[in-house]
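**Student:** My questions will all concern the structure given below.
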Amino acid sequence: MAQMNMLQAINSALDISMSEHPLACIFGEDVGYFGGVFRATSGLQEKYGKHRVFNTPLTEQGILGFANGLAAAGAPAIAEIQFADYIFPAFDQIVNESAKFRYRSGNEFNVGKLTIRTPYGGGIAGGLYHSQSPEAYFAHTPGLKLVVPRNAYQAKGLLRACIKDDNPVIFFEPKRLYRASIGDVPEDDFIIPIGKAEVVSEGSDITLLAWGAQMEIIEQAAEMAKEEGISCEVIDLRSIQPWDVETVAKSVTKTGRLLISHEAPVTCGFGAEIAATIQQECFLHLESPISRVCGLDTPYPLALEKEYIPDALKVLSAIKQSVQF
Amino acid sequence: MTNPQNVSLNVTQALEFIDPSALDIPTVSLLDENGHLVKDAVEPNIDKETALKIYKTMRFIRALDERMQAAQRQGRVSFYMQCLGEEGAVTASAAALKDDDMIMAQYREQAALRYRGFSLEQFMNQMFSNEKDLGKGRQMPIHYGSKELHYMTISSPLGTQIPQATGYAYSQKIPHINAENGELSSEINNITLCYFGEGAASEGDFHAGLNMAAVLKAPVIFFARNNGYAISTPADEQFAGDGIASRGVGYGIKTIRVDGADALAVYAATQKARQFSVETGEPVLVESIAYRLGAHSTSDDPTGYRSKEEESTNTKCPIQRFKGYLLTKGWLDEAEDNAQDEALREQILDAVKVAEKVAKPPIEDLVSDVYDTPIPLLEKQLEALKAHVKAHPDAYPTTAGRIK
């Protein structure tokens with residue numbers, strides 16, 4: 001075990017992945033010698049060579065097109081999109097190509113060796129274009145897997161799982177926690193399975209569900225609720241696609257209440273899908289309407305970021321409303 | 001860095017524009033209309049067996065296209081696309097490759113796949129979306145693909161294969177790179193050839209793919225089929241520059257333009273391009289100029305956007321021209337060739353009758369291959385669907401009888 005922040009944990013997962021396969025490549029804007037704008041790929045070009053860890057021209061659609069081709073040839077392709085806000089020029093390559101490669105060819109070809117890493121989320125005074133959480137757009141596309149870690153330990157284990165998984169995966173990294181999340185992380189290889197949620201703390205009155213950086217917020221809200229005598233069960237979804245319906249439904253069956261929180265705008269956010277599924281699965285166990293504490297349906301603001309974000313106080317308020325319904 | 005802006009360092013006092021046509025790009029042509037070598041033409045290194053295979057492939061595709069166009073009109077297949085006029089460009093370029101080089105095509109390149117050995121039955125199974133189709137009946141007719149033949153499955157969105165070809169080619173180069181100095185340590189075994197039309201070259205993926213191939217040095221041949229039309233949009237409404245070739249120079253890519261109706265010239269140009277790529281690990285852009293003699297697809301009618309006069313002045317047939325070359329060489333028995341073509345047309349009709357009777361894929365193929373293994377949600381959806389189909393068998397005759 002070593003103390004690592006999330007960037008070091010990610011770097012460690014990448015290092016292991018590069019040593020594992022002679023064709024594995026890491027590429028994206030500024031990821032080469034510089035090591036990425038957040039330094040997640042620091043030191044890897046020196047270690048594995050310019051031909052396997054390299055800068056690309058500034059073209060997200062090109063990065064993903066290149067990545068699809070590389071992965072189709074059987075090379076682990078680890079592509080970085082510098083900010084999730086800039087993933088949209090690559091939307092066609094991801095949605096029409098990566099996601100459908102295996103299906104459309106009858107498994108003659110696939111891009112299972114593709115992993116896309118991209119920092120997402122707000123709380124860093126990044127305004128409209130350095131703050132977005134675009135996971136729901138991709139959750140609507142069959143063929144992709146989507147994973148979001150909440151801390152350094154989870155980041156390493158989950159990223160290793162994403163790279164080893166034989167499907168295209170988007171790994172959304174909560175950039176607000178890159179340096180803030182520090183904890184014990186094994187230096188050796190380990191895997192945290194994709195598709196399994198984790199019950200982070202047990203409780204009896206209400207289930208709080210989130211992923212990524214929002215976990216910190218709902219855990220904080222759970223502490224505040226505890227002081228008011230409300231027992232919260234806290235779950236980290238970890239994988240958006242496939243998502244662990246069973247673990248969430250089991251918890252909601254027990255507590256009778258569900259609160260979902262994400263930074264992305266509430267309308268058609270992934271919380272909407274969870275709410276629809278859980279009312280189907282747990283209808284007769286529900287004691288109150290499923291609550292969503294999410295971003296407003298606006299572009300991500302700057303000066304009014306504090307008002308916009310679904311903070312612990314908003315979550316606490318919604319917990320109380322749900323329990324008192 | 002001595003040259004941080006990465007530009008040529010000549011300085012001038014002349015306040016002059018560079019004219020867009022400054023390059024005046026030539027078109028390589030080796031055979032005249034009758035298939036005779038033109039003056040000063042240097043014949044490429046081509047053997048009788050290869051030349052005959054190119055010719056037989058072109059004849060096969062012409063016959064297949066005619067028969068399947070008719071089959072579509074009879075309502076037997078939903079859709080078809082002919083290669084009419086471009087058989088030479090596609091077949092001869094594929095012939096200049098090694099059989100295990102990767103081909104990433106757009107959609108009109110069935111001749112390249114045939115050259116690699118795709119059987120008549122395989123073509124039919126794909127077009128009839130039956131359970132023997134390698135693509136499991138999931139894509140519209142002509143979206144072929146074969147791992148065995150190193151021919152990437154066709155994707156309808158235009159141009160997406162261009163940056164993918166760069167990535168694929170890059171993987172072919174990695175084992176030949178010396179990690180110490182980044183230089184090539186040996187000649188590259190295999191390259192990638194990427195086909196696309198002049199219309200697709202307007203997509204952002206074209207720019208991304210060529211620029212990345214040039215900068216990252218990927219051994220890929222970009223083969224632009226400039227056939228004059230993107231569905232109904234003529235080339236002069238598609239771009240204002242000198243064809244597609246002029247752009248190669250801008251990206252820093254070795255470039256050559258060739259008469260696409262001259263199979264021998266296409267063969268020579270692609271052979272040269274491949275040689276350059278395997279030796280240097282770098283890309284080449286080949287622009288083929290051949291008029292699209294047919295419609296875009298069976299859903300299209302060219303009489304709505306181009307004149308009879310235009311069509312009557314653009315009639316170059318790559319097959320006739322190459323036939324002339326073969327006859328001159330004494331490599332072709334014309335009587336035998338005609339007999340074979342007659343027999344082929346019969347075989348195609350027979351193959352249609354067989355393929356259209358083969359069952360459609362099973363219901364499980366709805367959810368297989370979305371992921372490597374179906375995720376729990378999909379398994380649940382499939383079970384629910386099966387129960388529904390079983391409850392209403394008359395409404396779903398394709399699968400109802402086969403659900404266990």
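All of the numbers you see were taken from the coordinates with simple rules; none came from a lab. It should be emphasised that the depicted structure is a prediction, and the values quoted were computed from it without experimental measurement. Cβ placement follows ideal geometry from the backbone for every residue including glycine, while neighbour counts extend to all protein chains displayed.
**Student:** Select from the range B:52-90 those GluC sites (Glu not before Pro) which occupy a DSSP coil region and have at most 14 other Cβ atoms within 10 Å, ordered by residue number.
**Tutor:** Nothing satisfies the criteria.
**Student:** For the range A:163-243, which chymotrypsin sites (Phe, Trp or Tyr not before Pro) are in a loop by DSSP, counting at most 15 other Cβ atoms within 10 Å? Write down the numbers at each step before the final one.
**Tutor:** Values: sites: A:F171, A:F172, A:Y178, A:F190, A:W211, A:W243; in loops: A:Y178, A:F190, A:W211, A:W243.
Within the range A:163-243, the qualifying chymotrypsin sites (Phe, Trp or Tyr not before Pro) (loop, at most 15 other Cβ atoms within 10 Å) are A:F190.
**Student:** What Rg and what Dmax come out for the protein assembly as shown when only alpha-carbon atoms are used, in angstroms?
**Tutor:** According to the Cα coordinates of the protein assembly as shown, Rg and Dmax are 28.9, 97 Å.
**Student:** Right, here's the next one. What's the Kirkwood radius of the range B:87-131 in Å, using all Cα pairs? Walk me through the numbers on the way to the answer.
**Tutor:** On the way: mean 1/r = 0.0886 Å⁻¹.
This gives a value of 11.3 Å.
**Student:** Report the relative contact order of chain B, percent, no decimals, based on alpha-carbon pairs under 8 angstrom and at least 6 residues apart. Please list the in-between numbers first.
**Tutor:** Details: 689 pairs, mean separation 87.5, N = 404.
About 22 percent, as a whole number.
**Student:** How crowded by other chains is B:363-375, given as the mean number of beta carbons from other chains within 10 Å of each beta carbon?
**Tutor:** Values: counts 0, 0, 2, 1, 2, 4, 11, 8, 15, 7, 2, 1, 9.
Shielding by partners across B:363-375 averages 5.
**Student:** Beyond 22 Å, how much of the Cα-Cα pair distribution for the range A:102-212 remains, as a whole percent? Intermediate results must be reported in sequence, preceding the final value.
**Tutor:** Numbers: 2511 of 6105 pairs.
That fraction is 41 percent.
**Student:** Provide a whole-number value for the mean count of partner chain Cβ atoms within 10 Å of the Cβ atoms in peptide A:70-81. Write down the numbers at each step before the final one.
**Tutor:** On the way: counts 9, 4, 9, 11, 2, 6, 0, 3, 0, 1, 0, 0.
So the per-residue partner count for this stretch is 4.
**Student:** Additional query: Between the alpha-carbon centers of the range B:334-389 and the range A:213-237, tell me the distance in whole angstrom.
**Tutor:** 53
**Student:** Which value in nm describes the separation of the simple spin-label points at B:D24 and A:K47, placed 7 Å from the Cα toward the beta carbon?
**Tutor:** 5.7
**Student:** Would you please report the Å³ per residue occupied by the convex hull of the alpha carbon atoms in the range A:238-325? Each step should come with its number before you reach the end.
**Tutor:** On the way: hull volume 8.8 nm³, N = 88.
Spelled out: Cα convex hull of the range A:238-325, divided by residues, is 100 Å³.
**Student:** Something else now. In a shell of Cβ-Cβ distance under 14 Å around A:P22, excluding A:P22 itself, what net charge do Lys and Arg (+1) and Asp and Glu (-1) give? Can you show the working numbers first?
**Tutor:** Details: positive: A:K47, A:R52, A:K113, B:K173; negative: A:E20.
Cβ neighbours under 14 Å give a net charge of +3.
**Student:** Just in the range A:219-267: which GluC sites (Glu not before Pro) are loop by DSSP and have at most 12 other Cβ atoms within 10 Å? Walk me through the intermediate numbers first.
**Tutor:** Working: sites: A:E219, A:E223, A:E227, A:E228, A:E233, A:E246, A:E263; in loops: A:E228.
Hits after loop and neighbour filter: A:E228.
**Student:** Is there a simple number for the mean count of other chain Cβ atoms within 10 Å of the Cβ of residues in B:140-153, and what is it?
**Tutor:** On the way: counts 0, 0, 0, 2, 2, 5, 3, 6, 1, 1, 0, 2, 6, 10.
Taking all residues of B:140-153 together, the mean is 3.
**Student:** What is the list of residues in the range A:127-153 whose amide nitrogen lies under 19 Å from a point 7 angstrom out from the Cα of B:E383, following Cα to Cβ?
**Tutor:** Answer for the range A:127-153: none.
**Student:** If you don't mind, there's one more thing I want to ask. Considering all alpha-carbon pairs of the range A:1-139, what whole percent are spaced by more than 26 angstrom?
**Tutor:** Numbers: 2260 of 9591 pairs.
That tail contains 24 percent of the Cα-Cα pairs.
**Student:** A:K254: which aspartates and glutamates have alpha carbons under 15 Å from its alpha carbon, excluding same-chain residues fewer than 8 sequence positions away?
**Tutor:** Correct list for A:K254: A:E202, A:D205, A:E233, A:E246, A:E281, A:E287.
**Student:** Over the Cα atoms, compute the radius of gyration (one decimal) and Dmax (the largest Cα-Cα distance, rounded to a whole number) for the range B:1-139, in Å.
**Tutor:** Answer for the range B:1-139, Rg first and Dmax second: 22.2, 70 Å.
**Student:** Just name one of A:I81, B:L134, A:S239: the one whose Cα is farthest towards the positive end of the charge dipole of the protein assembly as shown (beta-carbon charges, Lys/Arg +1, Asp/Glu -1).
**Tutor:** It is B:L134.
**Student:** Dividing the convex hull volume of the Cα atoms of the range B:115-227 by its residue count, what figure in Å³ per residue is obtained? Intermediate results must be reported in sequence, preceding the final value.
**Tutor:** On the way: hull volume 13.9 nm³, N = 113.
Taking the convex hull of the Cα positions in the range B:115-227, it is 123 Å³ per residue.
**Student:** Another question, then. Roughly how many whole Å is it from the C-alpha centroid of the range A:108-138 to that of the range B:200-262?
**Tutor:** If we compute the Cα centre of each part, the gap is 31 Å.
**Student:** Once you have a ≥ b ≥ c as the square roots of the Cα gyration tensor eigenvalues for chain A, tell me rounded if a/c is under 1.5, and otherwise prolate or oblate according to whether a/b is larger than b/c.
**Tutor:** Numbers: a/c = 1.81, a/b = 1.65, b/c = 1.10.
Prolate, since a/c reaches 1.5 and a/b exceeds b/c.
**Student:** Something else about it: What angle, in degrees between 0 and 90 and rounded to the nearest 10, separates the Cα long axis of helix A:6-20 from the longest principal axis of the Cα atoms of chain A?
**Tutor:** The helix A:6-20 is inclined about 40 degrees to chain A.
**Student:** Okay, next question. Restricting to DSSP H runs of at least four residues, report the calculated mean residue ellipticity at 222 nm for the protein assembly as shown, -39500 (n - 2.57) per run over all residues, nearest 500 deg cm²/dmol.
**Tutor:** Values: 24 runs with 270 residues, N = 729.
The helix-only estimate for the protein assembly as shown comes to -11500 deg cm²/dmol at 222 nm.
**Student:** State the dimensionless ratio Rg/Rh of the range B:306-404 (Rg: radius of gyration of Cα atoms; Rh: Kirkwood radius).
**Tutor:** Numbers: Rg = 25.5 Å, Rh = 19.3 Å.
Ratio of gyration radius to Kirkwood radius for the range B:306-404: 1.32.
**Student:** Still on this structure, I have one more. With charges set only on the Cβ (+1 for Lys and Arg, -1 for Asp and Glu), what does the dipole of the protein assembly as shown come to about its Cα centre, in debye to the nearest 20? The partial results should precede the final answer.
**Tutor:** Details: 68 positive and 95 negative charges, 199 e Å.
Computed charge dipole of the protein assembly as shown: roughly 960 debye.
**Student:** With charges only on Cβ, +1 for K and R and -1 for D and E, what is the dipole size of the range A:198-281 about its Cα centre, in debye, rounded to 20? All intermediate terms of the calculation are to be shown ahead of the outcome.
**Tutor:** Values: 5 positive and 15 negative charges, 49 e Å.
The dipole magnitude comes to about 240 debye.
**Student:** Okay, next question. Please give the net charge around B:D341, taking every other residue with its beta carbon less than 14 angstrom from that of B:D341, where Lys and Arg add +1 and Asp and Glu add -1. Mind showing how you got there, number by number?
**Tutor:** Numbers: positive: B:K56, B:R59, B:R62, B:R67, B:K323, B:R345; negative: B:D65, B:E66, B:E87, B:D333, B:E334, B:E336, B:D337, B:E342, B:E346.
That works out to -3.
**Student:** Of all DSSP beta bridges located in the protein assembly as shown, what percent are antiparallel, nearest 5? Write down the numbers at each step before the final one.
**Tutor:** Numbers: 14 of 70 bridges.
For the protein assembly as shown, the DSSP antiparallel bridge percentage is about 20.
**Student:** Also, I was wondering about something else. Residue farthest toward the positive end of the dipole of the range A:28-131, with Cβ of Lys/Arg at +1 and Asp/Glu at -1: which of A:G65, A:G121, A:V53?
**Tutor:** Looking along the dipole axis, the top candidate is A:V53.
**Student:** Could I ask something else about it? Once both axes come from the Cα atoms, what is the angle between helix A:270-282 and the longest principal axis of chain A, in degrees from 0 to 90, rounded to 10?
**Tutor:** The angle comes out at about 50 degrees.
**Student:** Could you tell me the convex hull volume per residue, in Å³, taken over the Cα atoms of the range A:145-185? Don't skip to the answer; put the middle values down first.
**Tutor:** Numbers: hull volume 2.1 nm³, N = 41.
Taking only Cα atoms, the range A:145-185 has a hull volume of 51 Å³ per residue.
**Student:** What aspartates and glutamates could a cross-link reach from B:K329, if we take a straight Cα to Cα line under 14 Å and drop same-chain neighbours fewer than 8 places away?
**Tutor:** Once the sequence-local aspartates and glutamates are set aside, what remains near B:K329 is B:E43, B:D47, B:E49.
**Student:** Here is a follow-up. Quick one: putting +1 on the C-beta of Lys and Arg, -1 on the C-beta of Asp and Glu, what dipole do you get for chain A around its Cα centre, in Debye to the nearest 20?
**Tutor:** Details: 27 positive and 39 negative charges, 99 e Å.
So the dipole magnitude of chain A works out to roughly 480 debye.
**Student:** Name the residue farthest towards the positive end of the dipole of the protein assembly as shown from the options A:L158, A:Q3, B:V249, assuming +1 on Cβ of Lys and Arg, -1 on Cβ of Asp and Glu, about the Cα centre.
**Tutor:** So the residue furthest toward the plus end is A:L158.
**Student:** Starting from the Cα of A:I182, step 7 Å toward the Cβ, then list every residue of the range A:1-39 with an amide N under 18 Å from that point.
**Tutor:** Counting only backbone N, you get A:1-12, A:39.
**Student:** Checking the table B:K98/B:K173; A:K113/B:K147; A:K250/A:K306; B:K48/B:K98; A:K100/B:K147 against a 23 Å threshold on Cα-Cα, which pairs fail?
**Tutor:** Values: B:K98/B:K173 15 Å; A:K113/B:K147 17 Å; A:K250/A:K306 34 Å; B:K48/B:K98 17 Å; A:K100/B:K147 16 Å.
Checking Cα-Cα distances, A:K250/A:K306 exceed 23 Å.
**Student:** Quick one: angle between helix A:214-227 and the longest Cα principal axis of chain A, in degrees between 0 and 90, rounded to 10, please.
**Tutor:** Once rounded, the angle reads 20 degrees.
**Student:** Can you check what the net charge comes to around A:Y103, using other residues whose Cβ is under 10 Å from the Cβ of A:Y103 (Lys, Arg +1; Asp, Glu -1)?
**Tutor:** Details: positive: A:K100, A:R102, A:R104, B:K136, B:R138; negative: B:D365, B:D369.
Result for the neighbourhood of A:Y103: +3.
**Student:** Please compute, over every Cα-Cα pair in the range A:37-90, the percentage with a separation greater than 18 angstrom.
**Tutor:** Summing the P(r) of the range A:37-90 above 18 Å gives 37 percent of all pairs.
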